[in-house]
Every structure is written in C-alpha cells, then in structure tokens.
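Each reported figure results from applying straightforward, stated rules to the coordinates on display, with no laboratory input. Remember, it's a predicted structure, so these values are computed and weren't measured experimentally. Cβ: placed from backbone, ideal geometry, glycine included. Neighbour counts: every protein chain shown.
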Amino acid sequence: MEAIKIHKGTTLPLMNNNIDTDQIIPKQFLKNILKVGYGNHLFHDWRFLDNGSPNPKFILNRPEYKDATILITGDNFGCGSSREHAAWALKDWGFKIIIAGSYSDIFFMNCTKNGILPIVLPQIAREKFAQLASNDEITVSLLHQKVICHDRIYSFDIDPTWKQKFIDGIDDIELTLKQEHKIQSFEKSIPIFE
C-alpha cells in the first residue's frame, strides 16, 4: 500500500448524495479477478451514452479533470452492495483520497484496506472544494489531520490504527507479516500428530 502522509492534488467534484456501488462500478464489469482494470468502467452508466460514446457532460470525461487525485462528493457515498470492486475502480482511476459527508461502513473499510483515504468533512467545506478550478490544488496532511485549501484549514478525524497504516504504507497483510517470527514460533510449539 502506498503511504499517505501529506498529499497535494487537484479535486474532482461529484456532489451527488447516495452514490451507490452499482453506480461506481456496475455489476457487469465484476468479472476480472485482479484489482486493476476497473478504472475503465468507473461510473460507466454516467460516463457513456447509450451508443457507447463518452458523455461530454459528465465530469470524468472532461480533460481538465483527468489528473485529479481527490474526489469531492456528497453524503452516504458507497452505499448499496458491499462490492470491494468499487474501491478498486476508484483507485485504478487514480483517486487517492475521497472527501465525503458520510460513507457506507463497508465501503469505508474497503477504501482503507485498498489504500484510498476516506475523509469526512461537513458540506460547507465540500462546497468550497467543489467550486475550485480544475487546476487548483488542496493539501491533505494526514500527519496533522488537516485539509488545507487556500486560506482555509479543515480538521478531520481518523481512527489512530488506520492513520498509522496509511502513514507507514502498510495493509493488514503487511501488518501481520511484521509478526512473522511470533507466528513461526507459535507454529513450532504445536505438537504434530501422525
């Protein structure tokens, strides 16, 4: 997992509430067994017209937002099914941070386990970010739990365990492997029955 301590990036505003996982990555694209390739289908039903051509009105299709790494969105983001593919699709597209009003619990955990930092901020802050130009950058300091936008600073909460995992750039497997010597010692203590 890539470490996130301080991230500076541009934003993409998608301010709808209740964006569910089927909108993030529709079910017909869940056949891949790898965690990559899903970005091509991110928000598919919104990004493409019925004839398969890109919808010029949808923000992900606008070239000035192609390098955005911070998604700004509404309340209850990632609701619906528990598909982890939604987090994979967002990460594969290039998002490193999502700033929402709230999240589905399962989606929130899927983000943390896949290296996307989910931040909760009030609507007034998100509306300010949504008005930024496509090349305006904001700074997210996980170390200080602050989002800095021009002259404004917004604080956010995060579980200390997840904060440390993001700062160290480790996931649950890497955290477990740090205890490998203890695991091996325990395994050697188990009697073998033949």
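Results, tabulated for the structure shown:
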item: Loop-located GluC sites (Glu not before Pro) in the stretch 1-86 whose Cβ has at most 11 other Cβ within 10 Å (DSSP); result: 2
item: Cα centre as origin, Lys/Arg/Asp/Glu Cβ charges: the stretch 64-190 dipole, Debye; result: 160 debye
item: Projected label distance in nm at residue 158 and residue 190, using a 7 Å step from Cα toward the beta-carbon; result: 3.5 nm
item: Net charge of neighbours whose Cβ lies under 12 Å from the Cβ of residue 135, counting Lys and Arg as +1 and Asp and Glu as -1; result: -3
item: Relative contact order %, the chain, counting alpha carbon pairs below 8 Å whose residues are six or more apart; result: 27 percent
item: Alpha-carbon centroids, the stretch 161-194 and the stretch 67-122: separation in whole Å; result: 27 Å
item: Antiparallel bridges, percent of DSSP beta bridges restricted to the stretch 35-194 (to nearest 5); result: 50 percent
item: The chain: most fluctuating residue of 26, 63, 118 per GNM, C-alpha cutoff 10 Å; result: 63
item: Distance histogram for the chain (every C-alpha pair counted, 10 angstrom bins, percent rounded to whole numbers); result: 9, 33, 34, 14, 6, 3, 1
item: Under 28 Å from residue 163, Cα to Cα: lysines that are on another chain or at least 8 residues apart; result: 5, 8, 35, 66, 91, 96, 113, 128, 146, 178, 182
item: Neighbourhood net charge (12 Å Cβ-Cβ; Lys/Arg +1, Asp/Glu -1) for residue 150; result: -1
item: Environment charge at residue 117 (Cβ cut-off 14 Å; Lys +1, Arg +1, Asp -1, Glu -1); result: +3
item: Structure-based [θ]222 nm, the chain - -39500 (n - 2.57) summed over DSSP H runs of at least 4, per residue, nearest 500; result: -8000 deg cm²/dmol
item: Within straight-line cross-link reach of residue 188, aspartates and glutamates at Cα separation under 18 Å, skipping those fewer than 8 residues along the same chain; result: 180
item: Nearest-0.05 FRET efficiency for residue 5 and residue 136, computed from C-beta distance (R0 25 Å); result: 0.70
